[in-house]
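The structure under discussion appears below in the form of structure tokens.
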Amino acid sequence: MSLVKVHGLTRVFDVSKPWLNRLIERLPKRMLTAVSDVDFDIPERTTYALVGESGSGKSTIGKMVVGLLRPTEGHVEIEGIDLFAERDPDVIDRIRTDIQMIFQDPFASLNPRWRVRDIIAEPVASRGGDVNGLAERLLEQVGLAAEDAAKYPHQFSGGQRQRICVARALASEPKLIVCDEPTSALDVSVQAQVLNLMSDLKDEHGLTYLFISHDLTVVRHMADTIGVLYLGRLVEEAAPGDLFTRPAHPYTAMLIDAAPKLDAFGREVEPPEGEIPDPIDPPKGCAFHPRCPLATEICSAERPRLQPFGEGRVACHHAGQVRLETAA
């Protein structure tokens, strides 16, 4: 059963100059499409990872899933309820209780004037729940000491702060946790500790994760399914085993080739060419075709649809024709 269903998700931002400036300079409105027609499901107790370069729309999708941003078009269903269409406040409140988020910067997401005890207990205290001993118990679950509840965020290291954020996310006993680059600000050794902790907690509490990252090496060992985003569109979706050995989309292959590898000493791999196009004025057809080594005339004329391919899905006119450089 799917806990999360995302259908036709689109978000457009108005980045125009103020009305008077446009009137004087005779400028049109400028609209930025951050997310375009994205579909995916997340079954219960699984991890779905969204990966892509900066500006591909990963964090925007995460904010729409938790209800921080309203979609321009499309639907986000949690437990069968569309948060943006539902009118019953009690139903919305119940669903929101089942959702939590872990942010990229642990220090910025913690109130520096609050003690850790109050930070962790806030999701429960705001709803009138019993918070007696809650923070101490959760701190021990995430590998910290119960005595740390009396401290302030600045008294901890980056990895410890992220553990506090994990503890806060667990406080309301959620079903879904959206993790927005939760380890990108941490050292590699600390990243591994936090990821192992999150994996253990997933099994212990029956959690479902939407894991957002630009690091393929991180999501490879965390995710049950990986969705690859490019310029706001989902271009490929597959299980990690298939994605890393037989990528169907040339953009996925480019990301895999560019990722650092322990056994890649002495290999020469061409760095990724070009940059993500301007999302205000994207290319016609397939948005990746200006950078794609397989591009043909149809790629610049027709936008490919996301269709089943093997055990996953891909949006490419030349699906399956890519070849990993590192496999040479």
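Any read-out appearing in this document is the output of simple, stated calculations on the displayed coordinates, not a laboratory observation. This one's a predicted model, so the numbers in the text were calculated from it and none came from an experiment. Note: ideal-geometry Cβ built from the backbone for every residue, glycine included; neighbour counts use all protein chains shown.
Tabulated data for the structure shown
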| item | result |
| --- | --- |
| Nearest 10 degrees, 0 to 90: helix 116-125 Cα axis against the chain principal axis | 80 degrees |
| Where labels lie 7 Å past Cα in the beta-carbon direction, separation of ALA258 and ASP88 in nm | 4.7 nm |
| On Cα atoms only, tilt of 188-205 relative to the major axis of the chain in degrees | 70 degrees |
| Excluding exposed DSSP-loop trypsin sites (Lys or Arg not before Pro) (at most 14 other C-beta within 10 Å), longest clean stretch of the chain | 128-260 |
| Backbone N within the range 159-176 under 16 Å of label point (7 Å from GLN193 Cα along the Cβ vector) | 159-167 |
| Estimated FRET transfer efficiency (ASP215, VAL12; beta-carbon r; R0 25 Å; 0.05) | 0.35 |
| For the range 185-251, alpha-carbon Rg and Dmax in angstrom | 13.2, 37 |
| The range 1-101: GluC sites (Glu not before Pro) falling in loop per DSSP and having at most 14 other Cβ within 10 Å | GLU44, GLU86 |
| Relative contact order [Cα under 8 Å, 6+ residues apart], the range 1-105, whole percent | 33 percent |
| Average Cα contact separation per residue, the range 132-199, under 8 Å, 6 or more apart, as relative contact order % | 31 percent |
| Pairs of lysine residues in the chain - Cα separation under 19 Å, sequence separation of 8 or more or cross-chain | 6 |
| Modelled FRET efficiency - R0 25 Å, LEU32 with ASP242, Cβ distances, 0.05 increments | 0.15 |
| Average Cα contact separation per residue, the chain, under 8 Å, 6 or more apart, as relative contact order % | 19 percent |
| Sequence of MET31, MET254 once ranked by neighbouring C-beta atoms within 10 Å, starting from the fewest | MET31, MET254 |
| Solvent-free Debye scattering, log10 I(q)/I(0), computed from the Cα coordinates of the range 1-90 at q = 0.10 Å⁻¹ | -0.34 |
| Rg(Cα)/(2.2 N^0.38 Å) for the range 62-195, N = residue count | 1.11 |
| Reference-scaled alpha-carbon Rg (2.2 N^0.38 Å with N residues) for the chain | 1.07 |
| Dipole moment magnitude, nearest 20 debye, the chain about Cα centre, only Lys, Arg, Asp, Glu C-beta charged | 820 debye |
